[in-house]
Each structure stands twice: as C-alpha cells, then as structure tokens.
1. Working only with C-alpha atoms, what are the Rg and Dmax values of the chain, expressed in angstrom?
2. Between A86, A110, A20, find the one with the highest GNM mean-square fluctuation for the chain; connect C-alpha pairs within less than 10 Å.
3. Defining a contact as two alpha carbons under 8 Å apart and six or more residues distant in sequence, what relative contact order in percent does the range 2-78 show?
4. Hey, what's the Kirkwood Rh for the range 91-183 if you take every pair of different alpha carbons, in angstrom?
5. Say each of E36 and L14 gets a label point 7 Å from the Cα, pointing the same way as Cα to Cβ; how far apart are those two points in nm?
6. Tilt of helix 61-78 relative to the longest C-alpha principal axis of the chain, in degrees (0 to 90, nearest 10)?
7. Around L30, what is the net charge, scoring Lys/Arg as +1 and Asp/Glu as -1 over all other residues with Cβ under 14 Å from its Cβ?
8. On a 0 to 90° scale, report how tilted helix 48-57 is relative to the longest principal axis of the chain, with both axes built from alpha carbons and the result rounded to the nearest 10.
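None of the figures in this text is laboratory data; all of them are computed from the coordinates on show. It should be emphasised that the depicted structure is a prediction, and the values quoted were computed from it without experimental measurement. Cβ coordinates were reconstructed from backbone atoms using ideal geometry, including for glycine residues, and neighbour counts include every protein chain displayed.
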Amino acid sequence: MYVCGPTEYREPHLGHGRFALVFDVLRRYLTWTGLEVRYVSNITDVDDKIIQQAAEEGRTAEEVARTSERIWYDAVEGLGVDRPDADPHATDYIPQMIELVAELADKGVAYETSDGVYLETDRVPGYGLLARQPLESLRAGARVDVADEKRSALDFALWKKAKPGEPWWESPWGPGRPGWHIEC
C-alpha cells in the first residue's frame, strides 16, 4: 500500500494526523483480514515550502526537512500510529525522477520552459478520471501561482530549474530539482 507522505517543512497539523490515522487503520484492517501488507509512505524532503521555511529560519532545506521529519514521527507515535514499513525520501530518488521526466518529454507529454519542465495534462489520456471530473472543471493554481509559459493552467512542474540559494541537482535541463507532484 503506497501513500504520499508529508512534505517536511513545519510541525504537523490536524490534516496530517488524519491521513496517518486513516491509513494506519486501513493497514491494520487489511492485515487483520489476512492480507500481507507492505506499507510505504514517502517523505517529501525538498520542495518550495521547505526552501521558503529554510530561508525564513536561516537554515538549509535539508536541516528543516530532517527536523520536521523527527517531529512528524514523534507526533504520529503519540497518536499510536505505526510507522510505515518503508519511508523513502524524495531526494534519494532524484536520478529516477530525472529519467521519468526525460521519458515523459520523449513521449511528447512534457515540455520545457524557461523555469522548468511541465506535464502537459491535455496530452495525458484520462487525466482527471480519478477525480471523476473533466479537465475543464479542475482547479488550476490551487497550490502555486500559474506560470506564464505554461500551455495550460492545469499543467504542473515535473522539474524546476534552480534559483539562487536553492538545492539543485544536474539534469538534461540544467541544474534544478523535482516538482512537488513527481516526488510523491
């Protein structure tokens, strides 16, 4: 069972506790029914919010993420929630993310702009089906500002080109980091 885990930039809030409890109960129920469950929940440890928090605190993004992760696990332990069987950190999988972004670009469903590489949602068959909504009714810019060069307001960053002072990794598009969606 895979669950997109927390973005580690601040103390957890009620919504974080809810997701931890819901999936812990689900895992326990599935195990009780006799299923073998391997529960994996990632840790997003590089992101706009983490970078912003680090700048505000005068620390590195890595320091903010590690501190927040410790606080996260202390909080869920206090709720009686078992830790996942595995909690992969996004930064441990940067090469795989770069490969995936390149593959999506090769297939013609991702495009490069001056600030990164975006998934072109209009070119992904069935995009929005899980939400049971047509593309036209999905909300754009709910998480971030809509970039000028995007082909559609619903397109989202797979790779963000580095800005001064931000963590970065080499890629075919120059230094940068993964976008939030691909980290999960």
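1. Cα only, the chain: 17.7, 52 Å (Rg, Dmax).
2. In the Gaussian network model the winner is A86.
3. Details: 75 pairs, mean separation 34.3, N = 77.
Contact order relative to length: 45 percent.
4. Numbers: mean 1/r = 0.0725 Å⁻¹.
So the Kirkwood estimate lands at 13.8 Å.
5. 4.0
6. 30
7. Working: positive: R27, R28, R38; negative: D24, E36, D82, D85.
Local net charge: -1.
8. So the helix axis and the longest Cα principal axis differ by about 80 degrees.
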